[in-house]
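Here is the structure we will look at, set down as structure tokens.
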Amino acid sequence: MAENSSFDVIVIGGGPGGYVAAIRAAQLGKSTAVVEKDKAGGRCLNYACIPAKTMLHTAEVLDEAKNSAEIGVKVTGAELDWDALGQRRTDVSASLEGGVNGLFKKNKIEFIAGEGSLTEDGNVKVGDTTYEAGKVIIATGSVAQSIPGVEFSDRVLDTWGAWSVPEQPKSIAVVGAGASGAELASAYIRFGTEVKLIEMLDQILPAEDKDVVRVVERTFKKQGIEVSTGTPVENVEVGKDSVKFTYGDNSAEVDYLMIAGGRVPDIGPLGLEAAGVKLDDNGRVKVDEYQRTSNEKVYAIGDIVRGSALAHKAMEEGVVAAEHASGAETHPVNLDLVPGATFCHPQVASVGLTEAQAKEAGHDIKTGKFKLGGVGAGTVYDDRDGMVKLVVDKKYGEILGAHIVGNRACDMIAELVAVMALEGGLQELQRIMHPHPTISEAVVEGARAVDGWATHA
């Protein structure tokens, strides 16, 4: 049991959104507790985002070592140590978990281990103990969703299972080619595993601009990934050492079937109905612009509310919820400016509307595209095939969308988010000076390409 039984703010869920919300509430002088049934940092830090990126980094280094002769470095015998990689994955997460616990202690936030639920009067129950809360912020995240008729098992894995198999598979099939599926396929092919990437919709990375997707798909196929789109996975038979299935007119047998088919809000045990917390038509918690639910005492953030299921969105919503719950001035999250980031090879990042979405919304648009190979750094760093694409309102020069594919895309997109958030237009972006030689020069060249005057085109 916690030292105290009453808090100004209680956060249910200790993932990225939850721990950020708790820290912000504590910074504002509120007595704060975090209820978490597992580890500090939640699923993202311990089982999803961080372990995935740790594995992807190793895949990147291994690939560079194997191909380093092209840049004048001879490496012999570069090979993957699966056990050492597994230990590093564990160590990285453990280190960051310790960091979050340290932040809790620094900010005098009480950590309550257990599964939290709401009482009828909007307090929080953990086991047999009820804690009185001035305000509650729910940040319980989401859980993996399988495909119809298929259950997770030792051979049919969700994304965490996919990143933590005990031995390196000889072959895998990844079902679902969104961000998580693309990252899995991209890592495992560079590890030396045979990879099938299967997507039911008509393109991989369905949320991304088609021009960007063409680059990724071309690169994936060049790397050796078998890409199938518009194809459901059916007739799944799970054996002791393998999984058999069909996809379209094809059949296959692989060591593991890895399902990255989406996630659903983890709200079952929360007692929302009893506390008067309503859901929207999509089964997510209904919130206003300040993350407040139908129960004014209760806030909700992250994967359980509207918008994309991304850690950085949850973090910003956590700040807004904590500030509003604390009576501080705040500004709602602009859901139109939540960047997407996929850490496959090549990386993909975007913000705002795709070209197709902009046209569908009725905008009269112009676009600019610039290949990363057009700037000196693209050749220096062997990042020639990627590109920057901008979607711009033709009349006013408003930047409606930005899309980047390349090895540094997930870092580069922040500049576009900032420009759009500060209401900078095409003319401003065309004149922003970038250091030379850097890949980021492609951003200003892409902006100039919209009006046909890219210098290095």
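Points worth noting:
- Residue-by-residue Karplus 3J(HN,Hα) for segment 313-329, coefficients 6.51, -1.76, 1.60, Hz, glycine and proline x: 5, 4, 4, 5, 5, x, 4, 4, 4, 5, 5, 5, 5, 8, x, 8, 5
- Taking all Cα-Cα distances within segment 346-450, those exceeding 18 Å account for 41%.
- For GluC sites (Glu not before Pro), the sites in segment 317-376 that DSSP calls loop and that have at most 14 other Cβ atoms within 10 Å are 329.
- Under the simplified labelling scheme, the residue 336-residue 274 pair shows an inter-label distance of 4.2 nm, with each label point 7 Å from Cα along Cα→Cβ.
- The length gained on full extension between residue 80 and residue 289, counted as 0.36 nm times the residue separation minus their Cα-Cα distance, comes to 70.5 nm.
- For residue 137, residues with placed amide H under 5 Å, excluding near neighbours: 10, 11, 12, 299
- At full extension, residue 221 and residue 71 could sit 51.7 nm farther apart than now, given 0.36 nm per residue minus the alpha carbon distance.
- Stokes-Einstein translational diffusion, segment 285-339 - Kirkwood Rh over all Cα pairs, 1.567 mPa s, 4 °C, in µm²/s: 117
- Karplus-derived 3J(HN,Hα) values for segment 102-107, using 6.51 cos²θ - 1.76 cosθ + 1.60 with θ = phi - 60°, are x, 5, 4, 5, 4, 9 Hz; glycine and proline are entered as x.
- Database note for the chain: Cys without another Cys beta carbon under 4.7 angstrom, 344, 410.
- In plain terms, the bigger the Kirkwood radius, the slower the diffusion; for the chain, with that radius from Cα pairs, at 10 °C and 1.306 mPa s, Stokes-Einstein puts D at 67 µm²/s.
- Counting 0.36 nm for each residue step from residue 152 to residue 96 and taking away their Cα separation leaves a gain of 17.4 nm.
- At an R0 of 30 angstrom, the distance between the Cβ atoms of residue 394 and residue 282 translates into a FRET efficiency of 0.35.
- Sparse-neighbour loop sites [chymotrypsin sites (Phe, Trp or Tyr not before Pro); segment 372-457; at most 13 other C-beta within 10 Å; DSSP]: 396, 453
- Percentage of interatomic Cα-Cα distances in segment 156-261 larger than 24 Å: 15
- Nearest-0.05 FRET efficiency for residue 431 and residue 194, computed from C-beta distance (R0 35 Å): 0.10
- Relative contact order of the chain, defined on C-alpha pairs under 8 angstrom at six or more residues apart (%): 15
- Candidate lysines - alpha carbon under 22 Å from residue 105, same-chain residues fewer than 8 apart omitted: 30, 37, 39, 135
- Of interest is the spacing of the C-alpha centroids, which for segment 10-49 and segment 110-153 amounts to 12 Å.
Bear in mind these aren't lab numbers, they're just calculated from the coordinates by the rules spelled out. Note that the coordinates shown come from a computational prediction; the quantities given were computed from them, not determined experimentally. Don't worry about glycine lacking a Cβ; one is built from the backbone with ideal geometry, like all the others, and counts go over all protein chains shown.
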